[in-house]
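Reviewing the structure listed below.
The values are calculated or read from the model by the stated rules, or taken from the named source; none is laboratory data. None of the values given here were measured: they were computed from a predicted structure. As a convention, Cβ positions derive from the backbone with ideal geometry for all residues, glycine included, and neighbour counts pool all protein chains shown. Heads up: the accessible areas ignore ligands, DNA and RNA and are worked out on the full protein's heavy atoms, side chains in. Shrake-Rupley method; radii C 1.70, N 1.55, O 1.52, S 1.80 Å.
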Amino acid sequence: MSAGTQVHANLTEEQVRQISDGLDEPEWLLETRLEALEALEELDMPDVIRTPGRDWTNLHELDFESLVDPLNAAENKDQVGPDEVDVLPWSEAVQEHEELLQEQFGSVVDPQENYLTALSTALFSTGTVIHVPEGVDAEDVTIRTEQNSSSLFNYTLVVTEESSSVTIMERQSTGEEAEEQYYSGIVEVVAGENSSVQYGSLQNLSEEAYNFALKRGDADTYATINWIEVNIGTQLTKSGVSTELNGDSSETQIVGAFYGHNDQHFDLDAKVWHRAEHTTADLVTRGVTDDVARSVYEGVQDVGRDAWDTSSYQRENTLMLSDESEADASPKLIINNHDTEASHSATVGQIDQEDLLYMTSRGIDPRSARNMLVEGFFVPVLEEIAVDELREDLEDLVAARLRKRD
């Protein structure tokens, strides 16, 4: 690990104990936090794509010592859902569902998977637990988090019992802005047999913020986990969304959208692990880079030896609106079972000049024509977003950003 990332130098066991005591957590959870804190000494940053002599995203240069202030977390949070579903803040969930937490916390995302997951495990002070009982169909579960401190560590656990379903809409935004902020969010989804989870997330933090997000689901037999991941804010985002298809006939879809301008940097990855028979995955991402913004995308479809009759598809497209912006994509197929239908593709390019010429020749001014083409570029992703509110928000944010463009 680089000497510039010694976050543990200004973190103490006493701070971790204060966070845990403030949430009235049981001893086993405190021990998990302390073990994560101790592990920081040996863990490295999350993996990034690397070519000889260059990391496509450099996480080691972040000044964590000035960004991380674990005892001064401040936020405004709304957590709402229908009566038949438990949508609980972390402090209440610890009291009401300790057995569930002890069974599922860290079951999908290893608290010590990398440096930033361990940091978040040790320091998270806010979160949401969503528990959907067997046979319940729930919609309109909403989590809104407004960050009002220099750092905020958030944890979300979703557990759906057999033959249940839930649709979740999560938003992150910034309230009182500091010069620089750090937001960390870990999401674990445990989808029981024949259950369905639709998890939509809209990240629109301050463009002075840094963001680490890791969302991962475990799908049981006949279960479905669908993710929608929209990134608009921050100066640097490192985001990972993935599903482990561990049950026969389980399914997942990962839909991603981003729009980077100024000097924003988005490092996004989408991954699926096919581990059982008759599993299906569809990964689709579209994004825009403008000014000197940069995007890095990695998509992985991993088909295990026992994953007979697999269907897995991936496509990523990035539109660059300026010659100075950058976009890199690395789609990958790892296939260890011949009974597989799979494909992957990625494209990077600029607005088609013939399309632009056609529209301007029909009397549309160049700026309006360009904006219409960009909005049209997002349509294949918009069509995949099943959450109406999130789809409309993305359309509005894209339109607003285009209006501000010179």
Open item on the list: With just the Cα atoms defining each centre, how far is the range 152-211 from the range 47-99? Give it in Å.
Closed with: 8
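So if each residue of separation counts as 0.36 nm, and I subtract the Cα-Cα distance between residue 15 and residue 343, what length gain in nm does that give?
Going from the current span to full extension adds 113.3 nm.
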Task: Rounded if a/c under 1.5, otherwise prolate or oblate - the range 131-210, Cα gyration tensor axes - done: prolate
Task: Exposed trypsin sites (Lys or Arg not before Pro) absent - longest run of the chain, DSSP non-H/G/I/E/B, at most 16 other C-beta within 10 Å - done: 1-304
Task: Lys, Arg +1 and Asp, Glu -1 on Cβ, resulting dipole of the chain about Cα centre, debye, nearest 20 - done: 1620
TODO: Would you calculate, for the chain, the mean residue ellipticity at 222 nm contributed by helices, counting each DSSP H stretch of 4 or more residues as -39,500 (n - 2.57) and dividing by all residues, to the nearest 500?
DONE: -6500 deg cm²/dmol
Open item on the list: Can you tell me the length gained on complete extension of the stretch residue 63 to residue 334, counting 0.36 nm per residue apart and subtracting the Cα distance?
Closed with: 94.0 nm
Task: Fraction of accessible area attributable to carbon and sulfur, the chain (%, probe 1.4 Å) - done: 41
Open item on the list: Between residue 362 and residue 74, how high is the FRET efficiency from 1/(1 + (r/R0)^6) when r is the Cβ-Cβ distance and R₀ = 56 Å? Nearest 0.05.
Closed with: 0.60
Open item on the list: Per 0.36 nm of contour for each residue apart, how much would the distance between residue 54 and residue 144 grow if the chain were fully extended, relative to their Cα-Cα spacing?
Closed with: 28.7 nm
Task: Mean accessible surface per residue for the chain, computed with a 1.4 Å probe while every protein chain stays in place, in Å² - done: 41
Open item on the list: Modelling each spin label as a point 7 Å along the Cα-to-Cβ direction, I'd like the residue 399/residue 179 distance in nm, to one decimal.
Closed with: 3.8
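Scan the range 66-97 for GluC sites (Glu not before Pro) in coil per DSSP, keeping those whose Cβ has at most 12 other Cβ atoms within 10 Å, and list them by number.
Counting only loop positions with at most 12 other Cβ atoms within 10 Å, the GluC sites (Glu not before Pro) in the range 66-97 are 84.
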Open item on the list: At 1.4 Å probe size, put 274, 344, 261, 338 in order of accessible surface, largest to smallest.
Closed with: 338, 344, 261, 274
